[in-house]
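Below: one structure, written as structure tokens.
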Amino acid sequence: MLTIRDLFAYEILDSRGRPTLAVEAALSDGARATAQVPSGASTGSHEAVELRDGDPSRYAGRGVAKAVLHVWTELLPAVRGLNAEDQAAVDRALIAADRTPDKSRLGANAILGVSCAVARAVSVSRGEPLWRTLAAGRQAMLPVPMVNVFSGGLHAGRNIEFQDFLVAPHGFDRYADALRAAVDIHAAAERLVSEAGYALTGVADEGGWGPALRSNEEALEMLTRAIERAGYRPGEQVSIAIDVASSHFFRDEVYRLATEKRELTAAGMIELLGEWCGRYPVLSIEDGLHEDDWEGWTRLTSTLGGRVQIVGDDFFTTDPRRVRRGIGEGAANAVLVKMNQIGTLTETFEVRDAARAAGWFAVVSARSGDTEDSFLADLAVACGMGQIKVGSITRSERLAKYNRLLELEARGGLEFPGSSVFERLRGRTE
Ligand code: PGA
Ligand code: ZN
């Protein structure tokens, strides 16, 4: 039996220069591998707890020395000697060692680091690509990338309220061509923004442009023009996805769209989003409503879900219990999958499997604070749900994932699904 022999953990920095963990797992046959843990900024309040030291003398309290220590003192004794190839048993032992429902005692960051490092060490031991180990027999495929072009909200100094304006280049035969379209559109968007007289002094947290546009609608309009300017057909080859991240501008029961000069109820938001889906080639809406408005989400889904992907991120926080409730209530038709929102690979795949069984979409996603680890690319391929969201095509923590997917496509043997991912959304992608 291939067993876990040792763990090694240390503090590293993420793409925002904030501490996170790296964990190395060593197995009984000598195979060893390391995984790095991502970290969000616009986090949902139901996420598993990322343990931070709270010691103001180090990294303004953001150090993860305690989480690192927990890998040595608590998680290693819990998994040492276990069958490394039984990921479910390993993850169960990690969860049991923590003893809390939200992984707050030992830290979801510490737990996820171990979970991922063990899986990767198994892939090294077997001499197979990580995605094959992770897929564990599931049908794997390359994903359509959902690429950030304009950033707003918490990722760009609250210039505009919506957080992400992305392109989904689905009308292509190969992943490499889809990615190239995103690069062309990112460049066209820069030209359009400059021509309109906006200053561009750098990129936002996920590598997108973060100009102080007049409104959210202007971002949609400019993105549509950027698709055309780059020479692609909006809606047919390239659609728009938005991450509204609405919990972050919801206060006193209303959505405060300051740049739109509007304060909206849930019904008002649904109407506005519906209008914009008619005017612009929007294929996907993430977190269109507040993370606890279950009724509103059901209304949003019954109104727009036949033609648009309705994705829960802060709403579901990759929690199998919340996703199962959402399926029962028809509260969305898609889930954003972020490993560190829940803290183990097994629970992440539980969410993927529940989405698949319900006929939902799933988008495997990075965090705004990410690392040079390409683990997520293999995870997206292993999930086989056909979509990945990593941020923009600048900043190497993003490129690590895009480039790994280029490698996997170049090596052959994996299908790129293109527009067929969205064929259930009638009339949207033809
Ligand atoms: P986060 O942003 O990693 O800051 O949560 C990503 C997202 O909201 O999709
Ligand atoms: Zn989001």
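A few notes on this one:
- The range 192-214 - residue that is of a type outside the set (Asp, Glu) and within 16 Å of ligand 1 (Cβ to nearest atom) and, of those, surrounded by the most Cβ atoms within 10 Å (Cβ to Cβ): 208
- Residue within the range 355-371 that is in a helix (DSSP H, G or I) and within 22 Å of residue 419 (Cβ to Cβ) present: yes
- Members of the range 144-184 that are without any contact (Cβ under 8 Å) to a residue 12 or more places away in the chain and closer than 17 Å to residue 210 by Cβ: 158
- Taken as a whole, the condition of being modelled with pLDDT of 95 or more and within 16 Å of ligand 1 (Cβ to nearest atom) applies to residue 241.
- When each of 362, 332, 382, 357 is tested for being over 24 Å from residue 18 (Cβ atoms) and free of Cβ contacts under 8 Å to residues at least 24 places away in the same chain, the lone residue that passes is 357.
- When every residue of the range 114-127 is checked against the conditions, none turns out to be farther than 30 Å from residue 8 by Cβ and in a loop (DSSP other than H, G, I, E, B).
- Taking the criterion of being touching a residue at least 40 places away in the same chain (Cβ under 8 Å), more than 28 Å from residue 158 (Cβ to Cβ) and of a type in the set (S, T, N, Q), the residues of the range 39-95 that qualify are 83, 87.
- Residues of the range 159-215 classified as more than 24 Å from residue 423 (Cα to Cα), assigned to a loop (DSSP other than H, G, I, E, B) and not basic (Lys, Arg), total: 22
- Output for the range 117-155, where each listed residue is touching a Leu at 6+ places or on another chain (Cβ under 7 Å), surrounded by fewer than 23 Cβ atoms within 10 Å (Cβ to Cβ) and under 30 Å from residue 240 (Cβ atoms): 140, 141
- Single condition residue 111 does not satisfy, out of (1) part of a helix (DSSP H, G or I); (2) surrounded by fewer than 24 Cβ atoms within 10 Å (Cβ to Cβ); (3) among the β-branched types (Val, Ile, Thr): (2)
- Count of the range 310-324 residues, restricted to those that are near ligand 2 (Cβ under 10 Å from one of its atoms) and of a type in the set (A, V, I, L, M), is 1.
- Spans of strands (runs of 3 or more DSSP E) in the range 239-320 with at least 1 residues β-branched (Val, Ile, Thr): 254-257, 282-286, 309-312
The values are calculated or read from the model by the stated rules, or taken from the named source; none is laboratory data. What you are looking at is a predicted structure, and each value in this text was computed from that prediction instead of being measured. Positions of Cβ are generated from backbone atoms using ideal geometry, with glycine treated the same way; all protein chains shown enter the neighbour counts.
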